[in-house]
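See structure below.
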Amino acid sequence: MATTPTFTTILLVRHGATATTGSVLPGRARGLHLAENGEAQAEQVAQRLTQLSRAPSALYVSPLERTRETARPIASALGLRAVAEKGLLECDFGDWTGKKLAQLRRKPEWRAVQHSPSTFRFPEGESFSEMQARIWSTLERLAKLHRNKTIVVVSHADPIKAAVTHAQGVPLDLFQRTVISPCSVSAIVLTNAAPVVLCVNNTGSLKELAPS
């Protein structure tokens, strides 16, 4: 008997900008909130998500403050409750958490982070491979809970990047070539066959977002 196709559209939203975006590796450090421009970005992405022809039926969010604050206007605009999901957390950067990027770029390990991330584990933290497996298994689980629906997931740049490139079949060692901007939307469709990527790093209209 043929299997009935199922399609779950997942809209991956990166949190808005903070005071340290682009200068510090914040990781899972607590107490980091959206900057004023980040709050504006969150309001804007919330309005963009209302343009969808198929309204999302659920909203999931990484437990950190900056993702929760990004999800707040989305929840209001879509009439949804934000549900915290640990599987959407930022990569655990271990001893590198909170360090300035300018300082980290001088480390000899930085080349591995950029050019062979599949070989790298953050000291006392997570490996990129573990992060990718974690985010992907989380998305698969959420897709099964919301078959043939659209859901919004608010997470962080590296997990979103890892999920999108995995869906595209891009090797993990090349995932750093993808950019995920604050409050951008990247959309994937999880099916009971192969995943489909609808858009990556979208910061414009979502009116025409649909599989071809």
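Each reported figure results from applying straightforward, stated rules to the coordinates on display, with no laboratory input. Everything numeric in this text was worked out from a predicted model, so none of it was measured.
Below is a table of values for the structure above.
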quantity: DSSP bridge orientation in the chain - percent antiparallel, rounded to nearest 5; calculated: 55
quantity: The chain: angle of helix 65-78 to the longest principal axis, Cα-based, in degrees nearest 10; calculated: 20
quantity: Computed over region 127-212, Kirkwood Rh from alpha-carbon pairs, angstrom; calculated: 13.4
quantity: Cα-based radius of gyration of the chain once divided by 2.2 N^0.38 Å, which approximates compact folds; calculated: 0.99
